[in-house]
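Right, one structure below, let's go through it.
The values are calculated or read from the model by the stated rules, or taken from the named source; none is laboratory data. This structure is a prediction, so every number in the text was calculated from the model and none was measured. We place every Cβ from the backbone using ideal geometry, glycine too, and count neighbours over all the protein chains shown. The protein model used for the area step is the full one, side chains on, heavy atoms only, and it has no ligands, DNA or RNA in it. Shrake-Rupley method; radii C 1.70, N 1.55, O 1.52, S 1.80 Å.
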Amino acid sequence: MSGLLEELLAHPLDRSEQNRLRARERLRIIGLPDARHEGWRYTPVRSLLTWPLHAPEVDPEVEVPELPEDLIEDLEALEPDFIYVDGVMQEEEDESDDEEEEFEERFDNFEDLPDFDEPDLDRAQPYSRLHPDFLEDGFELANIAFNQGGLVLDIDAESGIEDGVDPDAEQTLVLAYVSSSEPAGFPHVRHRIRVGAGQSLTLVEHFLHEPDSKQALNLGHEIELEAGATLRWVRMGDMGDANQLLGFARLRLEAGASVHLYELTRGAGLYRQATQVDLSGVGARCEATAVLAIDGRRHADLQWRVDHRARDTSADLKMRGLVSGRGKLSVGGSLIVHAGADGTDTRLSNKNLLLSEHAEVNTKPVLEIDADEVKAAHGATVGQLDERALFYMRSRGLPETLARQLLTRAFAFEVISGVDDDSLKALLDMALTKMMAKPA
Amino acid sequence: MLTIENLHVRVAGKEILKGLNLNVKAGEVHAIMGPNGAGKSTLGYVLAGRDGYDVTEGRILFNGEDLTTLEPDARAAAGVFLAFQYPVEIPGVNNTYFLRAALNAQRKARGEPEMDSMNFLKLVREKLKVLHLKDELLNRAVNEGFSGGEKKRNEIFQMALLEPKLAILDETDSGLDIDALKLVAEGVNALRSAQRSFVVITHYQRLLDYIVPDVVHVLADGRIVQSGDKDLALKLEEHGYTWIRERRREEQAALSS
Ligand SMILES: Nc1ncnc2c1ncn2[C@@H]1O[C@H](COP(=O)(O)OP(=O)(O)O)[C@@H](O)[C@H]1O
Ligand SMILES: [Mg+2]
């Protein structure tokens, strides 16, 4: 057993928290993953094991790290509803206007897990309804067992009507995560979100960092979409050369629900995001698009898995990797069509550009079909910029750097060209433009 | 304007051009004809500076300057333009943006002020008309979804916009119907001037009815094997390239005896 795991399990825990206890027991059995685990083959696990894993005592009112001016300006420009600095949610200090307050009141905030026995909160426990097969990752179990809280959102039609808000109105929640230069160990944050039947939510997550920050964050999401619900989920940013992210997202979609996920990132020193989507209701749909621009000595590991468990469900996954310097990217994409999920339409396309000699990409698309009348397509490519196109552009007078820039930009933007929602398109454009502006 | 002396070029380890000589003066139009695989496109690429087309012997002078030391974009700024035999589709790069970026990059490299978008669009409209290209093509990605003929006309349109000193047209006529061919010729003829030279590579004589050359060369097996006036093109059309091959054999036999 690693010293880290021992340390984890020695962390004090309230006996009444059954979810945590269960995760802890499981963790004790399976331990933390190492490079022999298929899903972790390309991730330098050892570098993760160097962290003091349990989170520091949470007392946001005492220790709020000072952030530099320009970072604060960047943050303010994003107009986040909630800010996490080193995994700790910051208390709102300024008096927000009524409208904002009203909005925030609709979301219950917990510093810690709700009591498992409380009936009202049972609805906000989507994880308990997820497939137990997936409780197989030590770091994810650690997130469940040792998280210091997170948002618990429950968006449903009644609360919208009660508040005099148009129940069909689009709700937007903006979160920002900041890695400061204060040493903060390895905080574990876990959000639980439920979007009620027919409701829709846009969740935007920004990742920012102080230039000399060196942090790790274990970030979990449990998301449940009830029948006909819609989630637009945008994650974007740059977590810095020395920071690490372990992300675990679990989504469960009921009949006719749909998720549209966009993950546009420059990654981190180590960036690992595993996202698993259970399409458990008839006609549920998952659209997911990732653009990862990985440079320097960064390492990114994107693991996506879609489980089709009901008839006529559909998935469309697009991942684009741009890797330069000594950057490393590994992409895993699994489309699993379970028995009974007849009429499924599932596709995955992963294209990667190697922009330097030492850049590295590993890609592993997986397709398993156990149902009938399934349409499935998956493909992965690793290549370089089109030499003919580069020469054509240069022969017209474009300097090489500009020609390369235009081609890499085109490669990245291609995946969002089909977005027809104007405000979403603008947000994605902004994120990609920012990402691609830095020298790749 | 352009002086090529004893040019040897290797591509992928294979010698393609084997001692080519060519001298094009300002204001002249030279046609280069030759069978498939003779090295015509290779000549175009090596003039434009494509990677992997290595000059192993000889030299290329452009207005007295050694062209081979310049990067492709520097050659463009110096006034070299290649109309590609197979224009490249560049998805995701807007045509208008590309053209303006190209024009302004060239101007910047020459120390000229950049052109603002108003004047640029005016220039674009003017040149489009000559080639009867649809405005709508400007909003697409570079060459994406263009028909074969549109791609070729787009090459000439780019040339008209960039106003090079030396334009090399690589089989711009192939795949064009007679009307499109006339438009292309019109576009070229509109640009003919005492300061501008053309090297027109073609497989067929047909184009030369509309773009009347000063000199016609036959390129075969990596060398210019015959040069003459525009009547040479007609003779070639009549007798085919085997005629040239036979004549060469006779010449070589005469030389060795
Ligand atoms: N990139 C390349 N790699 C290998 N061989 C090439 C390449 N380009 C041209 N060649 C060879 O060089 C010769 C001349 O080609 P090319 O210049 O395209 O002829 P043309 O344009 O006269 O038809 C041909 O034998 C062709 O196969
Ligand atoms: Mg050719």
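Scanning region A:53-85 for residues that are open to solvent by less than 30 Å² (accessible area, probe 1.4 Å) and at pLDDT 90 or above gives A:LEU71, A:LEU75, A:PRO80, A:ASP81, A:PHE82, A:TYR84, A:VAL85.
If you filter region B:20-75 down to residues that are within 14 Å of chain A (Cβ to nearest Cβ) and β-branched (Val, Ile, Thr), you find that the one that is surrounded by the fewest Cβ atoms within 10 Å (Cβ to Cβ) is B:THR42. With a requirement of 2 or more residues that are over 22 Å from A:VAL415 (Cα atoms) and more than 14 Å from chain B (Cβ to nearest Cβ), the strands (runs of 3 or more DSSP E) lying completely within region A:343-397 that satisfy it span A:360-369.
If you go through region B:190-222 and keep only what is within 16 Å of ligand 2 (Cβ to nearest atom) and not aliphatic (A, V, I, L, M), you end up with B:THR202, B:HIS203, B:TYR204, B:HIS217, B:ASP221, B:GLY222. Restricting attention to region A:404-416, does a residue exist that is farther than 16 Å from B:TYR97 by Cα and away from every other protein chain (no Cβ under 14 Å)? Looking for residues that are farther than 16 Å from B:TYR97 by Cα and away from every other protein chain (no Cβ under 14 Å), one finds none in region A:404-416, hence no. Evaluated against (1) facing chain A (nearest Cβ under 10 Å); (2) surrounded by fewer than 21 Cβ atoms within 10 Å (Cβ to Cβ), B:LEU99 falls short on exactly one condition, (2). Scanning region B:163-196 for residues that are among the hydrophobic types (A, V, I, L, M, F, W, C), closer than 21 Å to B:ARG107 by Cβ and either free of Cβ contacts under 8 Å to residues at least 12 places away in the same chain or open to solvent by 10 Å² or more (accessible area, probe 1.4 Å) (or both) yields one hit, B:LEU191. Close contacts from region A:301-315, counting a first residue that is not assigned by TED's automatic domain parsing to the domain that holds A:GLN276 and a second that is open to solvent by 10 Å² or more (accessible area, probe 1.4 Å) and at pLDDT below 95, with Cβ to Cβ under 9 Å and a gap of 6+ residues or different chains, come to none at all.
Residue count for region B:18-35, restricted to those that are in contact with a Phe, Trp or Tyr (Cβ under 9 Å, 6 or more places away or on another chain) and within 11 Å of ligand 1 (Cβ to nearest atom): 3. Just one of the listed residues (B:VAL124, B:VAL93) is β-branched (Val, Ile, Thr) and either outside any helix (DSSP H, G or I) or under 19 Å from the mean Cα position of the chain (by Cα) (or both), and it is B:VAL93. Scanning region A:204-256 for residues that are of a type in the set (A, V, I, L, M, F, W, C) and under 18 Å from A:LEU173 (Cα atoms) yields a count of 13.
In region B:132-140, is there at least one residue being assigned to a loop (DSSP other than H, G, I, E, B) and touching a strand residue (DSSP E or B) at 6+ places or on another chain (Cβ under 8 Å)? So far as region B:132-140 goes, yes, one or more of its residues are assigned to a loop (DSSP other than H, G, I, E, B) and touching a strand residue (DSSP E or B) at 6+ places or on another chain (Cβ under 8 Å).
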